[in-house]
Amino acid sequence: MTAPINNASARQRTGGPSPILGRRGDGNDRAGRQHLTKVEVEIAELAERSSHDLRLAWRRLHRTDPPLGLSRDLLIRALANQLQERTHGGASRALRRRLQNLTAGRRKAGVPRDPGVVLKTGTRLVRHWRGHTHTVLVREDGFEYEGQHHRSLTVVAERITGAHWSGPRFFDLAPRAGASVGAGAGR
């Protein structure tokens, strides 16, 4: 006896349930969608729409034609993302700012930019400086030090030392001078 196949594509080929949300494989699943939220139903119905209808939905949403060469699958995913953002909200200000900084760095001189260390919200940075322990809390919109909000680690480092310091360097987050990106990765 062979082991059961637990692969979405195999189930789809064998007539089993489809991996697409809201589809059972028999093409008539409207009654089974009662447990889904409105946005989930809208997303599930995107897969049932014609390519022409999807392009029209894109035009209504963006007031322009979809990019050339955008596959049907990516068009469905992009529209689903827009529906989710409309319902649940989009990316945070901090994430949008970070993405803008990353793309701006790539546009300048065409040189890939190493984003360095990415700190998660809630992380605590601890630095011992001249006999005192300094703790900084990483927040979504910046950093908190001694109950005050700061936009950058550099401002915090300057406040601690009284001199101009690179914040990432002061908290030992920046790569060392002369170290190449990815150095030691295979050692």
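The values are calculated or read from the model by the stated rules, or taken from the named source; none is laboratory data. Computed from a prediction, not measured in an experiment: that's the story for all the values here. For neighbour counting, all protein chains shown are included, and Cβ atoms are generated from backbone atoms with ideal geometry for every residue, glycine included.
If a residue must be touching a helix residue (DSSP H, G or I) at 6+ places or on another chain (Cβ under 6 Å) and not in a loop (DSSP other than H, G, I, E, B), how many such residues does the stretch 121-155 contain?
8
If I ask for residues that are modelled with pLDDT of 85 or more, in a helix (DSSP H, G or I) and either outside the structural domain of residue 42 (by TED's automatic domain parsing) or not basic (Lys, Arg) (or both), which ones from the stretch 57-81 would you list?
Listed by number, the residues that qualify are 57, 58, 73, 74, 75, 76, 78, 79, 80, 81.
Just wondering, is there one or more residues in the stretch 160-176 that are modelled with pLDDT of 90 or more and touching a Ser or Thr at 6+ places or on another chain (Cβ under 8 Å)?
no
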